[in-house]
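Asker: This is the structure I have questions about; it appears just below.
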Amino acid sequence: MKSRKAIAFLLSFVVAFSLCCPVQVLALDETNESGITFTVELDKSSVPVSTTAQTVYMTVKPSEQITIDGFSYYVTCAKSLNVSGFSGETLGLSNENWESSNDFCSKSEFEGNVQTNDLGTIAITVPGDTPEGIYTVGVSNIYLTANNYEVWEGNESAESPAYATTTLTVGNPSAYSAGISTTNTAVSIEDSVAISINATHTTATQFASSEIILSYDSSKLTYVSTTNVDSSRVNSSTAGTLKIEDCGADKNLGNGIYTVNFTAAAKGEATVTLTGAAFSDKKNAEKKDLTAAAISTASTTVKISKNYSVSYPNETYISGNTQVEEGQNYTLTVLDYANYNYTVTATMGGNDTTVIDNEDGTYTVNEVSGDLVFSVSRSGKTVDITYATTTGVTLPKNTTATYGTDFTFDLPTEDHYTITLDSAVYTGTETTVEYSIESGKVTIKGDKLTGNITLTLNKVQADATVSVEGTGASDAAGYVAYATPGEAYTLTVTEDSKYTYSVTVKVNGNAKNLTNDVSGQYTLAAADVVAGTIVFTVNKTVKSEGISVAAYLTLNGTSMWLIKNETAKLDGSVYTYKGENMYWSDGYNAYCTLVIAESQPTMDAADFAIVTGTANEITGYDVNKTGKVDANDAQLVYNMYNAQYSGFTEDVTIIKYLLADANHSGAVDTNDVAAVISSILNS
C-alpha cells in the first residue's frame, strides 16, 4: 500500500514531467480496459471584447462515472488568459488544491473512494482588453488513483487521452485554421522527409505574419530547413521543437504555406505535431496580436525503416518493388509464368543468396540484410502439335512448338482434291486457336502457343461448291450444288409476280457478273467458274407500285399517316409492314396500316413482306369494337379528329383508327362523324 507521501511524490513527478515534455499520457495503468476518456466543457464558449475582466468556467468530465481516492492534472490555457481558481462540490475542491505557479490541480486527501461525474471546475479569467481571437484551453496529464492509492486494476483502471481541449472565442475573430497535410509518410534512413503545413481562412486568401510551433521526435528526425521562409526566422536550437516567426509581404493561404524538411535519422515511428499556429494580415498589425488558428490536423507519423535496393533485368517480364525493408522477406513476380520456364538467382550484399521458387510465378528471398541483385533468364515452354483428319488426308508427323516462336507448316497437296485446315483447337477443348494461311502455309503466332494443339486436316473435291442465300433463296430450290470449273453455270429462280428479284453472285468472295436472257434464269460465265465456292444471293422485295403514304390524322403533338398497298387480296397470305400484319380494307381495296411520325415516313420496299396468315378486315361503322353501332362510335371518331389522343393505346388501337375513316376518304374528318351518324339513322 502506498502512503499519502508517496502519492504526493508521484503527483509532483507528473507536474515536473509535464513541464519539460510534449503533451503525453500519464496514468497508473496504461491498459485502459474500462475505456474511460475525458472532455472539458465551458459554461460559455464565447465572450465579447471588454475593457474589464471576465470569467468563464471549465469543467473536466469523464465519459462515465468514476470511483477514485486521488487525482491530479495540469491546466493549459492560452498565454493571454489566466487560471484564477478551482472548485468542485463533490470532490471538495477549492483554491487550496491549486498550484498557481504551475496551473496544477491535485487532491489526495479523500477518506476512501468517492464516486464522481467530474474532476472539478476551473475558473479562467479573460483580462480586460484581451484581443479578439480563438483561445485554446484544456487539461493534460490526468492521473487517477483508487482503493487507498493503489494502482487501478482490471476493469477499474482508466487512462485519459493525451489531452482534452476546447476553444474560447473572444469577440468575433477571423477564422483561421491550420494543420499538417502530410500523413502516413514511410521512408528509409537518410531519406528526406517533407512535412507540409496548410492554413485557411473563412474569407481571406492571404496572410502577412505568422507563428508556427512544431514538436518532433529528434531521436529519429534531424531538422534541415524550412521552405518559404528566411532561415533567420526559424528557431531550431532546441532539439524536438521548431518555432517559425514570419512577417513581410503577403503570402497565399492554402497547402504548403511552409514545408519543414527533415532527414530520417533512425528506425521507428516519429511523430511531428503542430502545437500552435497563429496568423494576421497587414492591417491587424496596427493594433492586434496574431490570431490563433484552430488546429485541424495536429500531427502526422513518419515510419522510418532501413531499406535496401532491389535491381533486376528486363522490367517487361518482371514485376517487383525496387526497395525492401531490412529483415523483411522480398518477393519477385515474373510475368507469363504459365508459358515460360524461368531461372532466377540473386546476390544479397554482393554474396550469393537462396532464392525460393514458390512455383506460382513468384520467387522469395527471406530476411533481407543487404542490397538485392537478381539475375533472371527464361525460355518458352514446349507444346505438342498433333495432326488429325476425318477424310483420309496423309498427315504430317506430329511435332512440337515453342511458346514465343511462330509455328508454321505447309498444307499437303493431292491431285483432284483441295486439302484444308478444318480446325485448330487446344487439345481436349473446343477452344479455337488463331491461325493464318497464305499460299498454302499455315502460321500460328508464338503467343498463341499456350497449350497442346490439335490440327484437323480435311480434303474436298476440287470442283466449285454452289450455295444460295438471301430472302428469295427458297425460290431457287433444287439447284445443283456443284459447278465444274470452266463450264457455265445457270441458276433457275421460280419468280413470284408479287415480288421484285435481285440476284448476285460471288466466286471465292469476289463479285462476278450474271446474264439474265431468259426470265428466272441467271447464268455465270464459264470463265468465272473456278474451284472454290460460288455463292448466289437471291433477294426479293414486295413490289412497290401500289404502295402509298398520306396524312391521316393530326394527333396531340404529332401526326398519324396512312400506309396503303393497293393490290389484289391474297388467299391464305397477308402483307406485313415492318414485321406487323397489315389490315384489308374493301373500302380502300388495299392492305393498310397506320404509323405515327412527326413528318411523312419514307416508304422502303424492304419494309414490306408477305407471310402466311389472314388479314383482319376493316369494315362497318363499329368504330369502338363493342359489337354495336351507336353515337359513341361517332363520338370516338370526333375525339380522334379533335386530337384528344397522342397515339395508340390499349383502348384506342390501330384497327379503331382505321374504322374511323367511315367514308374511306383516306383521312379522318367531320365527314366521317356524319357517316357514322347517318348509318345509325338509316339502320
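All of the numbers you see were taken from the coordinates with simple rules; none came from a lab. It should be emphasised that the depicted structure is a prediction, and the values quoted were computed from it without experimental measurement. Backbone-built Cβ (ideal geometry, glycine too); neighbour counts: all protein chains shown.
Asker: Does THR386 qualify as being surrounded by fewer than 18 Cβ atoms within 10 Å (Cβ to Cβ), among the β-branched types (Val, Ile, Thr) and either out of contact with any Ser or Thr (no Cβ under 7 Å at 6 or more places or on another chain) or not in a strand (DSSP E or B) (or both)? Reasoning before the result, please.
Answerer: On the way: surrounded by fewer than 18 Cβ atoms within 10 Å (Cβ to Cβ): yes; among the β-branched types (Val, Ile, Thr): yes; either out of contact with any Ser or Thr (no Cβ under 7 Å at 6 or more places or on another chain) or not in a strand (DSSP E or B) (or both): no.
Answer is no for this residue.
Asker: Also: What is the residue count in segment 505-515 for residues that are on the phi < 0 side of the Ramachandran plot and either free of Cβ contacts under 8 Å to residues at least 24 places away in the same chain or part of a loop (DSSP other than H, G, I, E, B) (or both)?
Answerer: We begin by selecting, within segment 505-515, every residue on the phi < 0 side of the Ramachandran plot; these are 505-507, 510-515.
Subset that is either free of Cβ contacts under 8 Å to residues at least 24 places away in the same chain or part of a loop (DSSP other than H, G, I, E, B) (or both): 510-515.
Going through segment 505-515 one residue at a time, the tally reaches 6.
Asker: Still on this model: What's the total number of residues in segment 426-447 that are outside any loop (DSSP other than H, G, I, E, B) and either small (Gly, Ala, Ser) or within 15 Å of THR408 (Cα to Cα) (or both)? If you could, list the steps in order and put the result at the bottom.
Answerer: As a first pass, look at segment 426-447 and keep what is outside any loop (DSSP other than H, G, I, E, B): 426, 432, 436-438, 441-444, 446-447.
From the residues that got through so far, the ones that are either small (Gly, Ala, Ser) or within 15 Å of THR408 (Cα to Cα) (or both) too are 436-438, 441-444, 446-447.
Looking only at that region, the number is 9.
Asker: Right, next: Which of the following residues is touching a residue at least 12 places away in the same chain (Cβ under 8 Å), under 28 Å from LEU372 (Cβ atoms) and not charged (D, E, K, R): THR291, THR259, THR301, THR273? Spell out how you get there, then give the answer.
Answerer: Working: THR291 fails: under 28 Å from LEU372 (Cβ atoms); THR259 fails: under 28 Å from LEU372 (Cβ atoms); THR273 fails: under 28 Å from LEU372 (Cβ atoms).
After ruling out the rest, the residue left standing is THR301.
Asker: Turning to a different aspect of this structure: Taking the conditions exactly as written (surrounded by fewer than 17 Cβ atoms within 10 Å (Cβ to Cβ) and more than 42 Å from the chain's Cα centre (by Cα)), does ALA249 satisfy them or not?
Answerer: Numbers: surrounded by fewer than 17 Cβ atoms within 10 Å (Cβ to Cβ): yes; more than 42 Å from the chain's Cα centre (by Cα): yes.
So ALA249 fits the description; yes.
Asker: Taking the options THR494, THR450, THR504, THR490, name whichever one is over 24 Å from PRO412 (Cα atoms), touching a helix residue (DSSP H, G or I) at 6+ places or on another chain (Cβ under 7 Å) and among the hydroxyl-bearing types (Ser, Thr, Tyr).
Answerer: Values: THR450 fails: touching a helix residue (DSSP H, G or I) at 6+ places or on another chain (Cβ under 7 Å); THR504 fails: touching a helix residue (DSSP H, G or I) at 6+ places or on another chain (Cβ under 7 Å); THR490 fails: touching a helix residue (DSSP H, G or I) at 6+ places or on another chain (Cβ under 7 Å).
Matching residue, one of THR494, THR450, THR504, THR490: THR494.
Asker: Looking only at segment 541-595, which residues are farther than 16 Å from ALA615 by Cβ and over 55 Å from the mean Cα position of the chain (by Cα)? Lay out the reasoning, then the answer.
Answerer: Start the filter on segment 541-595 by keeping residues that are farther than 16 Å from ALA615 by Cβ, which leaves 541, 543-545, 548-561, 595.
Result: GLU545, single match.
Asker: Next question. Checking the condition in a strand (DSSP E or B) and within 21 Å of ILE295 (Cβ to Cβ), which residue from VAL260, VAL229, VAL224 passes?
Answerer: Step by step, each of VAL260, VAL229, VAL224 is checked, and only VAL260 is in a strand (DSSP E or B) and within 21 Å of ILE295 (Cβ to Cβ).
Asker: How about segment 639-662: which of its residues are within 14 Å of VAL676 (Cα to Cα) and assigned to a helix (DSSP H, G or I)? First the steps, then the outcome.
Answerer: Initial filter on segment 639-662 (within 14 Å of VAL676 (Cα to Cα)): 639-641, 656-662.
Selection gives ASN639, MET640, TYR641, LYS656, TYR657, LEU658, LEU659.
Asker: Can you tell me which residue within segment 176-195, out of those that are over 29 Å from the mean Cα position of the chain (by Cα) and of a type in the set (S, T, N, Q), is farthest from LYS220 (Cα to Cα)?
Answerer: Here the residue is SER177.
Asker: Check off (1) aliphatic (A, V, I, L, M); (2) assigned to a strand (DSSP E or B); (3) surrounded by 16 or more Cβ atoms within 10 Å (Cβ to Cβ) for LEU636 and give me the number that stays unchecked.
Answerer: Unmet for LEU636, out of (1) aliphatic (A, V, I, L, M); (2) assigned to a strand (DSSP E or B); (3) surrounded by 16 or more Cβ atoms within 10 Å (Cβ to Cβ): (2).
Condition check ((1) in contact (Cβ under 8 Å) with a residue 40 or more places away in the chain; (2) in a strand (DSSP E or B)) across all residues:
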| position | (1), (2) |
| --- | --- |
| VAL480 | no, no |
| THR494 | no, no |
| VAL503 | no, yes |
| ASP517 | no, no |
| ILE534 | yes, yes |
| THR537 | yes, yes |
| THR541 | yes, yes |
| TYR552 | yes, yes |
